[in-house]
Amino acid sequence: MDIFSKRKYLVIAIFLAAGTVFLIKLFGLQVMDSKYKVSATNNVLREIVQYPARGLVYDRNGTLMVFNKPAYDLLITPREVEAFDTTAFCKLLEISKEELNAGIQKAREYSTYKPSILIKQIPPESFAYLQEQLYKFKGFHTQSRTLREYAHSSAAHVLGYVSEVNDNDINRDEYYKPGDYIGASGIEKTYENQLRGVKGIKKQLVDVHNRIQGSYLNGAEDIPAQIGKDIISTLDADLQIYAEQLFRNKRGGVVAIEPSTGEVLALVSAPTYDPGLLVGRVRGTNYNILLRDTLKPLFNRATQAKYPPGSTFKLINTLVGLETGAITTNSRFSCYGKSTTPIRCTHNHVSPADVVDAIRESCNPFLWNTFRATIRKYNSTAEGFNVWREYVASFGIGQILSSDFPNALSGNLPKESLYNGIYGSGRWSPLTIRSLAIGQGELGATPLQMANVAAAIANRGYYYPPHLIKEIENDTIPGSFKKRRNTKISPVNFEPIIEGMEQVVNGNLNATIGVPGLQMCGKTGTVENNQGSDHSVFTAFAPKENPKIAIFVYVENGVWGSRYAAPMASLMVEQYLNDTIAAKRKWVEKRMLDANLLNPNQPK
Amino acid sequence: MPKRNSLWANIDWITVILFVTLMLLGWVNIYSSVFDQEHQSIFDTSQRYGKQLIWIGAALVIAFVILIIESNFYVFFSYIIYGTIILLLILVLFIGVEINGQTAWFMVGSFRIQPSEFGKFATALALANYMNTHGFKLQKLKSLAIVSLIILTPAALILLQNDTGSALVYFSFVLVLYREGLSGVVLFFGALMIVLFILSLVVSNLVLALILLGIALIAFFVLNPKFKQFLRIPVFYMASFLFLFIVNLILGKKYEISFLISIASVVGTLIVLGYSFRKRLKYFAIICYIFLGSIIFTFSVDYVFNNILGAHQQARINELLGIKSDPLGAGYNVNQSKIAIGSGGVWGKGFLNGTQTKFDFVPEQDTDFIFCTVGEEWGFAGSILVIGLFMIFLTRLIWLAERQRSGFSRIYGYSVAVILFFHFFVNIGMTIGIMPVIGIPLPFFSYGGSSLWSFTILLFIFIRLDASRYEKF
């Protein structure tokens, strides 16, 4: 009857075909393809970063040096902002209306749904009041961060500072996100990975507008932030503070090292600055002020200034002479005082002088003869020079000593090629480079390197890489710090040198630098300076046996070694070993504290 | 009262149960997609699931009312109902409320009523009545014209409301006409046009023209397997191309090669056409007409696409065909919808545990994109269930329609099935990215009183007609 009745099959076929196509497609979407599951998670989960507090820094005696203080960021979610009393708001936050508007505009450009930081690092004092008032202002909320706080406003160059990450940091390490903090110098930088801790993640469900709807799986997948590891520094806070006091109104640097370990007890670059200046909202402004300061407080003289070591270098040259056999303890050289050639002697002393005399009297002619004999021992000047250079280098001169000083410089230890370049190969002799004999000329060493030399001498021939870190909580310090490095000088050759150094202290300087009951060995230096008064240098260690401290002091424009550097070094040694300054030495301390050497031209 | 008894006995309860099942499944998913902790009561009428519960209750009342009305009523009043709805569709253009750019709603108190939803069953009634008249023959031009008028009048009015999706639903009547004797050629050309439309947007016209040429040649060869004659055909094309190429050289390379190829293919076709006439080859004319028609259609698609479709429609089609992808713009809905469905996996995240739909990532999640909730919370298993239910439901309707003794009931039954199918196909196809975004609801699932009621009326008139299938009218 119905000729088209078979057409129902096509209609049903179309229906079933559609259903089948759907199921195939859905099988692909729901079963085969996992990318949608990932997209879904990304869609709905907002990971809120939990910022850990940075690790604390203690000194070697457990005195807290760096800790954290809370600070608060004020965030704005532009979409949620309702009309508010801008005048009251600006007053509350101590900002201008223009700043507020600019901030809101910037936040709006970023996102109207997502919160962005309007004001950073509000100190807790302001925050308490702010929080009371914040309910009046819809669309604003706060998040807590931590800022660094310094117990003693000292050791700025050692501790370093923390700044906000820059693009380089973000590109280099994906841990960092814009707005994060990072150690920018000093220990903060070197031990950033240990100090920073690990950021945590709090997963929250959000809707399409990024509004938080609740926690994800009741926090089961949250990763709590791990607080940064505490660090025990090698510094002695008391010594550090004392050294900084002594260096007030002076330029220069001091590094004190425990010879038996290489631990840096104090490191001062003067003038220094209060590390608290580079914290919080004022960091940027203060940084620029410090940067423009003509005294260059940000410049770390202790690790970056390439000072000619002057007479303190004579210790090394004498040691090299003894070790190479160019001289012996019986060798004597005549000194004709100011008329000696090619280098005159400024001191008046016995002649001919032996090694001990020469060290005690800082005799230039002796050192010249020793230097010449050392180099002449070999077939050519170049060969002799290279041997000499190797010995010097074994003290760490011309090298980066350790990883703890990220910005330290290697200084200058000239190479043969330098002189070949200046004078031509084979056309220079010991005489040409005689300044090296007395630690001047092309030589440049940082106070850190020279303090290390003092430690090597104190140890009679070896040193440990100087470092700033004693312990890291639940972690180990770099193994290289425990690795003894030997100089190329035999222990026996140190004895006459140390004898000379002891006599320096016990000689006519004893009145100002002799510490009662302490056997200190030292060597003064006066570095010629044609842009003002000469620089005052002193290197020392104490006690003579089982030395506990090796120190190198460099006071710019200190006129001569014994005037400032030596007394200051003696005071630091005394402070460190005796914890106090003997009453009869208070006058020395006062003189040092009162001295103002910021004028480069000092009376002779 | 035997008659009344026979009504309830004759009702196809399987269909009724399927209807109720789909409606409740829909409600469960609406509840889930709107759910939040603060409004947990299912009767909370401030929430959409609460309202939907009212719509469902009302739908059941409507269904009951429809069932107790005599089935003859629908036959006799079909034109009146149709006329009334047409009037309402005109009226809504003038006094309707504009929502989302569509002038499709009457405001009655605080309720919104969308007359276009009711156009479907009215059209189905009128169509069934007209096609059941004595002497009606689809092959007659007059009959075809009136059938077209019945179908296209409400479609055109709805298009004027700017509701393209609802207007497109009326194309589904083609399947009813096919069942009633419309030539299968129409379906063939319809399918061909869709394929050409998509291809012309995806591949360049020139490539498409060459493909069509290839198909035409193959068709030619299959129908006339004389190799010698067949070999001449490419020769004709080559010759015409070479001729044009030389002419172009003489003219000083005025035209581009691609233009020459196009012209050569037309000229070559004309020559082949003439040759075929002379040699009395079979089907030459049909193949040539189809080929030429396809070429013209292909080239006109670009024009239609760029000048007649709106920007958002272009964007949706571009997105679907992968021509231009913009997951945050035009493609946002579909992308989010696919993420929601795809994230459901095999077994889904469980009732109320969908995160994508719950947190408003998927727009229109309780209306047009309700299937996302199914996909996300019930997974592939839920998808199979829902699609399977629809398949059973739709084939059941066709089976019911086929058992009718009256043409009226059969035609109406087919109309119900194909309308529901069109909604099902377009709606779910859209959520999984195999149809462009066309905003039409998923029958019995999507939130909304008008659509639920209109589908209920549509279905239950048929169930009522089916219950009276032993009566003669």
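I'd like to check which strands (runs of 3 or more DSSP E) are fully inside the range A:214-276 and have at least 2 residues that are of a type outside the set (A, V, I, L, M, F, W, C). Walk me through how you get there before you give the answer.
Details: elements: A:231-233, A:252-258, A:263-270.
Result: A:252-258, A:263-270.
Could you grab me the full set of residues in the range A:498-513 that are part of a loop (DSSP other than H, G, I, E, B) and surrounded by fewer than 18 Cβ atoms within 10 Å (Cβ to Cβ)? Please lay out each step first, then the result.
The first filter runs over the range A:498-513 and keeps only residues part of a loop (DSSP other than H, G, I, E, B), leaving A:507-509.
A:Gly507, A:Asn508 - these are the residues of the range A:498-513 that are part of a loop (DSSP other than H, G, I, E, B) and surrounded by fewer than 18 Cβ atoms within 10 Å (Cβ to Cβ).
Identify, by number, the condition in (1) under 33 Å from the mean Cα position of the chain (by Cα); (2) loosely packed, with under 14 Cβ neighbours inside 10 Å; (3) over 30 Å from B:Ser143 (Cα atoms); (4) not basic (Lys, Arg) that B:Gly184 doesn't meet.
Looking at each condition in turn, B:Gly184 falls short on (3).
Using the structure shown, decide if B:Leu175 is surrounded by fewer than 20 Cβ atoms within 10 Å (Cβ to Cβ) and touching a Phe, Trp or Tyr at 6+ places or on another chain (Cβ under 8 Å). Break it down into steps so the answer makes sense when it comes.
On the way: surrounded by fewer than 20 Cβ atoms within 10 Å (Cβ to Cβ): no; touching a Phe, Trp or Tyr at 6+ places or on another chain (Cβ under 8 Å): yes.
Against the criterion (surrounded by fewer than 20 Cβ atoms within 10 Å (Cβ to Cβ) and touching a Phe, Trp or Tyr at 6+ places or on another chain (Cβ under 8 Å)), B:Leu175 does not qualify.
I'd like the full set of residues that are open to solvent by less than 10 Å² (accessible area, probe 1.4 Å) and within 22 Å of A:Tyr9 (Cα to Cα), limited to the range B:412-435.
Within the range B:412-435, the subset open to solvent by less than 10 Å² (accessible area, probe 1.4 Å) is B:412-420, B:423-424, B:426-432.
Within the range B:412-435, B:Tyr412, B:Gly413, B:Tyr414, B:Ser415, B:Val416, B:Ala417, B:Val418, B:Ile419, B:Leu420, B:His423, B:Phe424, B:Val426 qualify.
For A:Cys335, are the conditions met, namely being in contact with a strand residue (DSSP E or B) (Cβ under 7 Å, 6 or more places away or on another chain), open to solvent by less than 60 Å² (accessible area, probe 1.4 Å) and in a loop (DSSP other than H, G, I, E, B)? Step through it out loud before you land on a result.
Numbers: in contact with a strand residue (DSSP E or B) (Cβ under 7 Å, 6 or more places away or on another chain): yes; open to solvent by less than 60 Å² (accessible area, probe 1.4 Å): yes; in a loop (DSSP other than H, G, I, E, B): yes.
Spelling it out, A:Cys335 is indeed in contact with a strand residue (DSSP E or B) (Cβ under 7 Å, 6 or more places away or on another chain), open to solvent by less than 60 Å² (accessible area, probe 1.4 Å) and in a loop (DSSP other than H, G, I, E, B).
What single numbered condition from (1) open to solvent by 30 Å² or more (accessible area, probe 1.4 Å); (2) out of contact with any strand residue (DSSP E or B) (no Cβ under 9 Å at 6 or more places or on another chain) fails to hold for A:Thr526?
For A:Thr526, the failing item is (2).
I'd like to check something: does the range A:56-75 contain any residue that is part of a helix (DSSP H, G or I) and surrounded by 14 or more Cβ atoms within 10 Å (Cβ to Cβ)? Give the steps one after another, and end with the answer.
Narrowing the range A:56-75 to residues part of a helix (DSSP H, G or I): none.
No, because not a single residue in the range A:56-75 is part of a helix (DSSP H, G or I) and surrounded by 14 or more Cβ atoms within 10 Å (Cβ to Cβ).
Considering only the range A:130-141, state which residues are open to solvent by 70 Å² or more (accessible area, probe 1.4 Å) and closer than 27 Å to A:Lys199 by Cα.
To start, the set of residues in the range A:130-141 that are open to solvent by 70 Å² or more (accessible area, probe 1.4 Å) comprises A:131-132, A:135-136, A:138, A:141.
Residues satisfying the conditions are A:Gln131, A:His141.
Scanning the range A:162-180 for residues that are out of contact with any Phe, Trp or Tyr (no Cβ under 9 Å at 6 or more places or on another chain) and closer than 18 Å to A:Gln194 by Cβ, which turns out least open to solvent (accessible area, probe 1.4 Å)?
That would be A:Tyr176.
When the residues of the range B:373-393 are narrowed to those that are facing another protein chain (nearest Cβ under 7 Å) and open to solvent by 10 Å² or more (accessible area, probe 1.4 Å), which ends up nearest to the chain's Cα centre (by Cα)?
Residue satisfying both the conditions and the ranking: B:Met391.
Of all the residues that make up the range B:156-182, how many are of a type outside the set (A, V, I, L, M, F, W, C) and within 14 Å of another protein chain (Cβ to nearest Cβ)? Give the derivation first.
Restricting attention to the range B:156-182, the residues satisfying the condition of being of a type outside the set (A, V, I, L, M, F, W, C) are B:161-166, B:170, B:172, B:178-181.
Add one more test, that the residue is within 14 Å of another protein chain (Cβ to nearest Cβ), and what stays is B:172, B:178-181.
So the answer is 5.
Please go through the range B:394-411 and give me each residue that is more than 10 Å from every other protein chain (Cβ to nearest Cβ), more than 14 Å from B:Ser468 (Cβ to Cβ) and buried (at least 16 other Cβ atoms within 10 Å of the Cβ), ordered by number.
Across the range B:394-411, the qualifying residue is only B:Ile411.
Could you list, in sequence order, the residues of the range A:549-564 that are under 30 Å from A:Tyr462 (Cβ atoms) and under 23 Å from the mean Cα position of the chain (by Cα)?
Initial filter on the range A:549-564 (under 30 Å from A:Tyr462 (Cβ atoms)): A:549-555, A:561-562.
Correct list: A:Ile549, A:Ala550, A:Ile551, A:Phe552, A:Val553, A:Tyr554, A:Val555.
Let me confirm something: among A:Ser154, A:Ser144, which residue is polar (S, T, N, Q), in contact with a Ser or Thr (Cβ under 8 Å, 6 or more places away or on another chain) and within 26 Å of A:Glu192 (Cα to Cα)?
Checking each option against the conditions leaves just A:Ser154.
Check A:Ser403 against each of (1) open to solvent by 20 Å² or more (accessible area, probe 1.4 Å); (2) in a helix (DSSP H, G or I); (3) in contact (Cβ under 8 Å) with a residue 60 or more places away in the chain and name the one condition it does not meet.
Every listed condition holds for A:Ser403 apart from (2).
The values are calculated or read from the model by the stated rules, or taken from the named source; none is laboratory data. Remember, it's a predicted structure, so these values are computed and weren't measured experimentally. FYI the Cβ positions are ideal-geometry reconstructions off the backbone, even for glycines, and counts take in every protein chain you see. Accessible surface is based on the protein model in full, side chains and every heavy atom, while ligands, DNA and RNA are left aside. Shrake-Rupley method; radii C 1.70, N 1.55, O 1.52, S 1.80 Å.
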